[in-house]
Amino acid sequence: MLPVRPELVGQEPYGAPQLDVPVRLNVNENPFPLPPVVVDAVTEATRGLAAGLNRYPDRDAVALRRRLAGYLGHGLDERHIWAANGSNEVMTHLLQAFAGPGRRVLTFTPTYSMYPEYARNTWSDYVTLPRCEDFSIDLDAFEAAVGQEMPHVVIVTTPNNPTGTATPLEVIARILEITENGEASAMVIVDEAYQEFARPGTASALDLLEDNPRLVVTRTMSKAFGFAGGRLGYLAAAPEVVDVCRVVRLPYHLSAVTQAVASAAVDHADVLMGQVAELRAQRDRMEAELRGMGLEVAESDANFVLFGRFEDRHAVWADLLERGVLIREVGPPGWLRVSAGTPEETDAFLRAMSEIVPDAVLMDTAVMTDEAAAQVNRSNA
Ligand SMILES: *Cc1c(COP(=O)(O)O)cnc(C)c1O
């Protein structure tokens, strides 16, 4: 037996199955390959830096951060932006800086399954508060939980994964008020990984940044940009937040290759974002057609749809896989999540569903009680 940290014994590494099937709609990637103009830009950027790979990269990735600031607008510049290898590294930097041993991270479930891992890896306590039946945030329960738990970091995922639920700006503003407590105030991290897919009129928490030094908005190039393989996540916040991220990051954490190819992709944000409208349309089509099949569908502002509820969701997941369609078994009991695909992939998914649903048994939600009454859950404690 190796002297492994006790809390890691028996733990499995995170990961949705990476199966090689024709239609992969399980991890919310952008299904479109990069357009040729972006492929050319990325290739040229790589060629341009190759001879210089004998040197360490820019530790602070300034050129890339400047571009990301330009993309976000809102009067931001590179001092407000931090970047790392995927927003999961950004989130780890934030918890290293603001959470850690004896400190608590609070979030609203169901939500992203990686948060408890970031908390574990940074020795932070992880506390969750259930969302309402419609997956919105219960502010009264939150206020009570803040009084009881005194969290150091609150994570709000909007649009939320796996439910697709957007949180209105007023609610985020209230969360900032509720967590204001002098020296014991909490940092509020708003994870906007899917913000580009939100329906028109869904404001970004970037609008609240100017007056709120405790607010951090995280973004990623993995979803709307179609750049999951490039591994680039970033945040926008007060310069003081960026400064402390620079303290905890590993030296040279962002390779010269990553910085250059991500910069090239950001330069073509317009082209890449051209696909977002198409993906929204496919999402809306999935929502409408799944409802038409008599299923429950959570309203989505992301590039995926949560639907159900099935007595045996695993059987539905397996029946889809048998038909060459891979989706995700995630979320509360009975629900499944599917990512918006290309029109052809969406066709294939909906065709398979129309064959499967007539034989699937739905949960009798009428007899469900409000058992998930707002109750705080703790782990890593
Ligand atoms: C996909 C996703 C991310 C992005 O993670 P990366 O590490 O940037 O690929 C972040 N937050 C949520 C909620 C996600 O679903």
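Note on the stretch 19-31: among residues that are away from the ligand (no atom under 16 Å from the Cβ) and open to solvent by 50 Å² or more (accessible area, probe 1.4 Å), the one that is modelled with the highest pLDDT is Pro22. Scanning the stretch 212-234 for residues that are over 20 Å from Ile155 (Cβ atoms) and surrounded by fewer than 20 Cβ atoms within 10 Å (Cβ to Cβ) gives Ala228, Gly229, Gly230. Only residues that are modelled with pLDDT of 95 or more, within 24 Å of the chain's Cα centre (by Cα), open to solvent by less than 60 Å² (accessible area, probe 1.4 Å) and not aromatic (Phe, Trp, Tyr) were counted across the stretch 332-381, and they come to 12. When the criteria are applied in full, Thr163 fails the requirement of being assigned to a loop (DSSP other than H, G, I, E, B), over 17 Å from Leu72 (Cα atoms) and touching a Ser or Thr at 6+ places or on another chain (Cβ under 7 Å). Look at the stretch 73-98 and say how many of its residues are buried (at least 18 other Cβ atoms within 10 Å of the Cβ), more than 15 Å from the ligand (Cβ to nearest atom) and in contact (Cβ under 8 Å) with a residue 24 or more places away in the chain. Qualifying residue count for the region: 5. Filter the stretch 107-149 for residues that are within 16 Å of the ligand (Cβ to nearest atom) and aliphatic (A, V, I, L, M); which is surrounded by the fewest Cβ atoms within 10 Å (Cβ to Cβ)? By that ranking, first place goes to Met114.
Where residues in the stretch 182-205 are more than 16 Å from the ligand (Cβ to nearest atom) and touching a residue at least 12 places away in the same chain (Cβ under 8 Å), which of them is surrounded by the most Cβ atoms within 10 Å (Cβ to Cβ)? Step through it out loud before you land on a result.
Pass one, the stretch 182-205, residues more than 16 Å from the ligand (Cβ to nearest atom): 182-187, 199-201, 203.
Those left that are additionally touching a residue at least 12 places away in the same chain (Cβ under 8 Å): 184-187, 199, 203.
Values: Ala184: 11, Ser185: 13, Ala186: 25, Met187: 22, Arg199: 13, Ala203: 14.
Taking the candidates together, the pick is Ala186.
Condition check: more than 16 Å from the ligand (Cβ to nearest atom), assigned to a helix (DSSP H, G or I), surrounded by fewer than 19 Cβ atoms within 10 Å (Cβ to Cβ) and of a type outside the set (Ser, Thr, Tyr). Does Arg59 satisfy that? It would help to see each step written out before you state the result.
Details: more than 16 Å from the ligand (Cβ to nearest atom): yes; assigned to a helix (DSSP H, G or I): no; surrounded by fewer than 19 Cβ atoms within 10 Å (Cβ to Cβ): yes; of a type outside the set (Ser, Thr, Tyr): yes.
In short, no.
The values are calculated or read from the model by the stated rules, or taken from the named source; none is laboratory data. Remember, it's a predicted structure, so these values are computed and weren't measured experimentally. Neighbour counts run over all protein chains shown; Cβ positions are idealised from the backbone, glycine included. Just the protein is used for accessible areas: all its heavy atoms, side chains included, with ligands, DNA and RNA removed. Shrake-Rupley method; radii C 1.70, N 1.55, O 1.52, S 1.80 Å.
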